[in-house]
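To keep things clear, I will list the structure first and then write my remarks on it.
The values are calculated or read from the model by the stated rules, or taken from the named source; none is laboratory data. Bear in mind the structure is a predicted one, so any value in this text is a computation, not a measurement. Methodologically, a virtual Cβ is constructed for each residue, glycine included, from the backbone with ideal geometry; neighbour enumeration extends over all protein chains shown.
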Amino acid sequence: MNLAPVRAGIATLALAFAATNYSTSVQADSIADFYRGKTVNVLIGVAVGGEYDLHARAVARYLGKYIPGNPGVVPQTMTGAGGLKMANYLYEVAPRDGTYIGMLANTFPAMQAAGIKGVMFDANKFNWIGSICPTVETMTVWKTTGVHTIQDAQNKEVIAGATGRGAITYMFPAMLNEFVGTKFKIVAGYPGGNDVNLAMERGEVGARNNTWSSWKVTKPEWLRNKDITVLVQAGPKAKDLPGVPSVTDLIKDPDDRKVVELLVSGTLLGRPLAAAPGVPEERVKALRDAFDAVMKDPDFLKEAEAANIEVDPVRGADMQNVVKNVLATPKNLAERAKALIE
């Protein structure tokens with residue numbers, strides 16, 4: 001038997017394998033050379049102390065450990081227009097080299113689909129990096145309101161505090177008024193979620209939207225003391241909210257349900273991190289790989305557990321698909337959503 005062709009084939013495979021390994025090694029070295037000595041800036045478009053801020057800073061503490069070259073990672077607050085100022089900066093001004101990433105509001109793709117004024121970016125072109133977990137949006141009421149169920153909220157006016165039009169804190173109660181028949185009177189203009197919480201304690205407002213995970217992280221004592229009641233939820237159903245109805249379960253009309261699904265589509269993105277558009281593909285991969293590694297880091301997981309942060313990561317590539325699907329919403333349905341966002 002002539003073994004020469006077999007030996008030749010093995011040699012060819014070996015050379016190909018070596019070339020691939022060499023190419024991969026050179027690419028990794030190139031990424032490390034780029035990031036070494038640099039700073040990765042994590043922009044946060046909302047006020048300090050809320051869930052977006054907490055998630056961004058938690059990831060930032062560990063991210064540099066897993067980016068080749070181990071750059072410094074510095075979180076920076078850039079508030080304005082409900083986070084739009086930061087998102088527009090990331091899209092239009094920030095360097096497109098992988099040194100700037102942002103913690104974006106998960107409502108931004110829906111806002112773009114609806115054609116909201118002030119959106120100066122194409123969410124499809126951001127390079128989505130990852131999110132610690134999806135979110136469950138809730139509508140909650142303070143203990144003194146006399147409202148205990150969604151049916152009660154359909155029959156009694158309650159003042160709901162919100163940050164601003166376009167933010168989920170405004171959009172969510174407005175959506176409930178439109179599609180579920182609640183009577184929330186929305187007062188907007190609070191600088192951040194913590195300010196709305198203070199307003200609830202002072203009796204200025206009696207309700208607000210917030211994620212279930214944020215309540216558990218920022219106000220666990222309210223849950224223990226039963227200071228608030230969750231009336232309704234949206235997004236992936238929370239296992240620890242048994243008996244609390246989902247918004248979509250309350251809506252019978254199929255088109256109405258699709259509009260609501262667009263409005264709450266951000267739940268699938270959680271608290272998303274994204275890099276500027278135009279970042280070289282290999283650096284996007286490095287940032288995504290670093291984020292995925294943080295999600296498995298024992299110290300990060302220990303810190304998350306201590307802070308009551310649930311870790312169920314949403315990967316960057318999956319987020320990219322979510323955004324693509326949101327932006328493919330039929331125009332007539334997106335127009336209906338626009339009235340509730342603006």
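Key figures
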read-out	value
Of the criteria (1) outside any helix (DSSP H, G or I); (2) on the phi > 0 side of the Ramachandran plot; (3) under 16 Å from the mean Cα position of the chain (by Cα), which one Ala47 fails	(2)
Qualifying residue in region 320-334 (condition: under 30 Å from Thr149 (Cβ atoms), touching a helix residue (DSSP H, G or I) at 6+ places or on another chain (Cβ under 8 Å) and either assigned to a loop (DSSP other than H, G, I, E, B) or not aromatic (Phe, Trp, Tyr) (or both))	yes
Positions within region 141-157 being buried (at least 24 other Cβ atoms within 10 Å of the Cβ) and part of a strand (DSSP E or B), in sequence order	Val141
Pairs, first loosely packed, with under 15 Cβ neighbours inside 10 Å in region 69-95, second of a type outside the set (A, V, I, L, M, F, W, C) and part of a strand (DSSP E or B), C-beta under 8 Å, six or more apart	Gly72/Thr39; Val74/Thr39; Val74/Asn41; Gln76/Asn41
Number of the condition not met by Val119 [criteria: (1) crowded, with 24+ Cβ neighbours inside 10 Å; (2) out of contact with any strand residue (DSSP E or B) (no Cβ under 6 Å at 6 or more places or on another chain)]	(1)
Pairs with Cβ under 8 Å, 6+ apart, first in region 181-197 and surrounded by fewer than 20 Cβ atoms within 10 Å (Cβ to Cβ), second charged (D, E, K, R)	Lys183/Lys156; Lys183/Glu157; Lys185/Glu157; Val187/Glu204; Ala188/Arg165
Single condition Gly181 does not satisfy, out of (1) of a type in the set (Gly, Ala, Ser); (2) in contact with a Gly (Cβ under 9 Å, 6 or more places away or on another chain); (3) assigned to a loop (DSSP other than H, G, I, E, B)	(2)
Any hit, region 291-307, residues being assigned to a helix (DSSP H, G or I), touching a strand residue (DSSP E or B) at 6+ places or on another chain (Cβ under 8 Å) and buried (at least 22 other Cβ atoms within 10 Å of the Cβ)	yes
In region 223-242, the residues that are within 21 Å of the chain's Cα centre (by Cα) and at positive phi	Gly235
Members of region 54-74 that are closer than 20 Å to Leu301 by Cβ and either among the aromatic types (Phe, Trp, Tyr) or touching a strand residue (DSSP E or B) at 6+ places or on another chain (Cβ under 8 Å) (or both)	His55, Ala56, Arg57, Val59, Ala60, Arg61, Tyr62, Leu63, Gly64, Tyr66, Ile67, Val73
Flag for Val59 being at pLDDT below 95 and under 14 Å from the mean Cα position of the chain (by Cα)	no
Strands (runs of 3 or more DSSP E) contained entirely in region 207-287, each with at least 2 residues that are outside the structural domain of Gly164 (by TED's automatic domain parsing)	273-275
Candidates Leu250, Leu231, Leu263, filtered to the one that is within 30 Å of Gly80 (Cβ to Cβ) and surrounded by 15 or more Cβ atoms within 10 Å (Cβ to Cβ)	Leu263
